1. What number of residues within region 59-89 are among the polar types (S, T, N, Q) and within 16 Å of the ligand (Cβ to nearest atom)?
2. Has region 64-79 got any residue that is surrounded by fewer than 16 Cβ atoms within 10 Å (Cβ to Cβ), farther than 12 Å from G209 by Cα and of a type in the set (D, E, K, R)?
3. Taking region 184-201 as the search range and keeping residues that are in a loop (DSSP other than H, G, I, E, B) and not small (G, A, S), which one is farthest from the ligand (Cβ to nearest atom)?
4. Give me a count of the residues in region 163-198 that are of a type in the set (K, R) and free of Cβ contacts under 8 Å to residues at least 60 places away in the same chain.
5. For region 42-58, which positions are surrounded by fewer than 17 Cβ atoms within 10 Å (Cβ to Cβ) and away from the ligand (no atom under 14 Å from the Cβ)?
6. Could we say that L227 is within 16 Å of the ligand (Cβ to nearest atom) and part of a loop (DSSP other than H, G, I, E, B) here?
7. Tell me which of these D181 doesn't satisfy, since it passes every other one: (1) part of a strand (DSSP E or B); (2) within 30 Å of K62 (Cα to Cα).
8. Can you report the number of residues in region 118-141 which are in a strand (DSSP E or B) and either under 16 Å from the mean Cα position of the chain (by Cα) or in contact (Cβ under 8 Å) with a residue 24 or more places away in the chain (or both)?
Amino acid sequence: MRFTMLFILYTVLVLTLLAVTDTSAQLLFHDDFENDAINQEPKKWEIGFAGKTKAIVVADPKDAGNKVLKTSNNPSNDSRHDGPGGSIYVCGDADWTDYVAEWDMMFPDDFYMGVVFRFQDGAKFYLSDRRQGNRPYQFWKQHGGWTLIGDGAVDNKPQVWYRAQLTLEGDSFTFKLKERDDKTPFQDVAVATEAKDGDYKTGKFGNYGLVYIDNLFIGDSVEDLVLPVEPQDKLSTTWGSIKASY
Ligand SMILES: [Ca+2]
């Protein structure tokens with residue numbers, strides 16, 4: 001009996017360890033900028049395209065107690081990488097392929113701006129951006145020039161916090177946008193923009209032009225977009241509940 005009990009405990013422990021160390025689905029990146037200093041560059045990001053602008057962490061224009069990323073210190077029309085030569089800041093790994101990203105985003109004014117993905121260098125990446133008119137939302141491919149690969153629409157206006165979702169699955173890209181306070185799950189939100197393109201398989205995630213970004217989660221699937229419990233805590237919690245049940 002004693003042996004059986006020990007065997008069960010051992011089996012549970014091994015299974016728990018396997019679950020904790022399972023890397024098949026995971027949160028790949030998270031940043032809420034709360035550990036960054038105001039007016040400094042974000043610590044978890046790097047410069048992907050070195051232009052004339054600087055991304056800095058600032059107080060949220062809508063909530064002074066919250067820190068957010070302001071991706072350029074220049075006005076929006078002086079922050080694009082082509083033309084004026086704005087910088088692109090990126091996060092993540094060069095070998096990232098498919099993932100789901102969700103983040104808060106606010107547009108300072110009615111101009112071109114958004115995010116880049118599968119970023120390889122200043123002339124090889126995909127762009128997801130809003131266009132002028134507070135409605136068009138598109139996917140572009142940068143290859144030294146620009147090719148429009150997806151045309152869509154979603155109502156949006158400046159100075160409002162939105163929650164965005166970008167899903168990458170092989171050569172298929174999907175973008176959704178809703179107001180941040182809207183509790184509708186993304187699975188019930190209409191697709192704003194879709195595109196298919198197979199040229200760039202890997203790359204980092206970053207900004208395009210001047211946007212405000214906060215609460216960025218990137219993971220293998222929607223289920224992974226939560227902050228993990230520390231493995232040690234998970235293990236001791238499991239052990240505690242096992243011991244308490246005997
Ligand atoms: Ca924040």
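Each reported figure results from applying straightforward, stated rules to the coordinates on display, with no laboratory input. Just so it is clear, the model here is predicted, and its values are computed rather than measured. In this analysis, Cβ positions are derived from the backbone assuming ideal geometry, glycine residues included, and neighbour counts consider all displayed protein chains.
1. 2
2. Looking through region 64-79, none of the residues is surrounded by fewer than 16 Cβ atoms within 10 Å (Cβ to Cβ), farther than 12 Å from G209 by Cα and of a type in the set (D, E, K, R).
3. Initially, region 184-201 is screened for residues in a loop (DSSP other than H, G, I, E, B), giving 184-185, 189-192, 197-201.
Next, only the ones that are not small (G, A, S) stay: 184-185, 189, 191, 197, 199-201.
Numbers: T184: 22, P185: 22, V189: 22, V191: 27, D197: 32, D199: 34, Y200: 30, K201: 31 Å.
Of everything passing the filter in region 184-201, D199 is farthest from the ligand (Cβ to nearest atom).
4. Here is the first cut: in region 163-198, the ones of a type in the set (K, R) are 163, 176, 178, 180, 183, 196.
Filter once more, so that each one left must be free of Cβ contacts under 8 Å to residues at least 60 places away in the same chain: 176, 178, 183, 196.
Summing the residues that are of a type in the set (K, R) and free of Cβ contacts under 8 Å to residues at least 60 places away in the same chain in region 163-198 gives 4.
5. Within region 42-58, E46, I47, A50, K52 qualify.
6. Details: within 16 Å of the ligand (Cβ to nearest atom): yes; part of a loop (DSSP other than H, G, I, E, B): yes.
For L227, the condition - within 16 Å of the ligand (Cβ to nearest atom) and part of a loop (DSSP other than H, G, I, E, B) - is met.
7. Only one criterion in (1) part of a strand (DSSP E or B); (2) within 30 Å of K62 (Cα to Cα) is unmet by D181, namely (1).
8. Total meeting the criteria: 15.
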